[in-house]
1. Near Thr23, within a Cβ-to-Cβ distance under 13 Å, what is the net charge of the other residues, with Lys and Arg +1 and Asp and Glu -1?
2. Please give the charge dipole size of region 38-97, origin at the Cα centre, charges +1 on K and R Cβ atoms and -1 on D and E Cβ atoms. Round to the nearest 20 debye.
3. With a 10 Å Cβ neighbour count serving as the proxy for reagent exposure, in which order, fewest first, do Val87, Val121 appear?
4. Of Asp83, Asp76, how do they rank once you tally other Cβ atoms within 10 Å and put the fewest first?
5. What is the calculated FRET efficiency for Asn5 to Thr48, with r their C-beta to C-beta distance and R₀ = 41 Å, to the nearest 0.05?
6. If you line up the long axis of helix 49-64 against the longest principal axis of the chain, both from Cα atoms, how many degrees apart are they, to the nearest 10?
7. Taking the Cβ of Ser40 as the centre, find all other residues whose Cβ is under 11 Å away and add up their charges (Lys, Arg: +1; Asp, Glu: -1).
8. Excluding Val110 itself, what net charge comes from residues whose Cβ is under 14 Å from its Cβ, given Lys and Arg +1 and Asp and Glu -1?
Amino acid sequence: MAVLNLTEERRMAFASLARDLETIFGERFVALVAYGPRASAAFAASITVADLADAARRADAWRAANLAVPLFVTPDEFGRSLDAFPVEYGAILRSHRVIAGTPPFEGASVADGDLRRALEVLA
C-alpha cells in the first residue's frame, strides 16, 4: 500500500470534513479515508437516512473547500462489496491516507479473479 500524499491545504480541508463527520455520526464514526486530493470515504458503524440528510446540508461547505462529497459506507459493506467494485476499491486499498479514526481495511483485499472479471468487462 502506498500512502497518499496530500498538501497541507488538503490535509486541513480533510481534517475539517472529519470533524463534521464525527459530529454527524458521533460514536458510530469509524474513519475518514482520503483516496485522492478531493475524494474520500466516510466509514461509520451504521448509516441512517438522517445521517445522509445532515451530510447533504453540509455538502456545499465541503465543495467550497474543493472536496467531493465522501462515499458513505460501513466497514462491513465495504468488505462485502470488494467483489462488486474490485477496480475502484482496489485503487482505494492501494493508495489512501486515514485522516481520522481507526483504519477500516483490516484484512481487506481484492481477489485476483474479481479484478480479472471486472477488467474483462471494461475491455
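1. Net charge in that neighbourhood comes out at -1.
2. Roughly 300 debye, rounded to the nearest 20.
3. Fewest-to-most ranking of Val87, Val121: Val121, Val87.
4. Lowest to highest Cβ neighbour count: Asp76, Asp83.
5. Efficiency at R0 = 41 Å is approximately 0.75.
6. 80 degrees
7. Here the count lands on +3.
8. In short, 0.
Computed from the coordinates by the stated procedures, all read-outs in this text should not be read as laboratory data. Fair warning: this is a prediction, and the values are worked out from it, not measured in the lab. Note that we place each Cβ from the backbone using ideal geometry, even for glycine, and neighbour counts take in every protein chain shown.
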